[in-house]
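In what follows, a single structure is set out as structure tokens and then discussed.
The values are calculated or read from the model by the stated rules, or taken from the named source; none is laboratory data. Small disclaimer: the values here were computed from a predicted structure and weren't measured. A quick note on method: Cβ atoms are made from the backbone with ideal geometry, for glycine too, and the neighbour counts reach across all protein chains shown.
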Amino acid sequence: MLVVTTPILEGKKILEYKGPVFNQVVRGTGFGRTLGAGFKQLSGGRSAGHEELVIETREMALQEMMAEAQRMGANAIIGLTMDYEMLTGDTLLMCKAFGTAVVVE
């Protein structure tokens, strides 16, 4: 499935707008990641554990949103927007994704 952040697809014709698609994934940061990130924060380093969590969570949200668009009969998503938020004292990561499901030729 083609997924783009732009409102149009260069060189493609949008045949039908199926409607908005949304997804949100909430995952715990885990004690080990949080502890490791605390040490990294002190030294100014990067937190590989948290970076991995962000990547995995983003991929989950995107895959689930594409599945929803496919169930609607779409073969593309335009206007993809993703946002992240930490919840409950930085113990949960939420990734929100939304866009417009379309049929393109």
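If you check every pair at least six apart or on different chains, which have Cβ atoms under 6 Å apart with a residue in the stretch 81-100 that is touching a residue at least 24 places away in the same chain (Cβ under 8 Å) first and a residue that is outside any strand (DSSP E or B) and among the acidic types (D, E) second?
none
Name the residues in the stretch 69-105 that are surrounded by fewer than 16 Cβ atoms within 10 Å (Cβ to Cβ) and part of a helix (DSSP H, G or I), would you?
Q70, R71
Among the numbered criteria (1) touching a Gly at 6+ places or on another chain (Cβ under 9 Å); (2) surrounded by 12 or more Cβ atoms within 10 Å (Cβ to Cβ); (3) modelled with pLDDT of 95 or more, which one does G30 miss?
Condition (3) is where G30 drops out.
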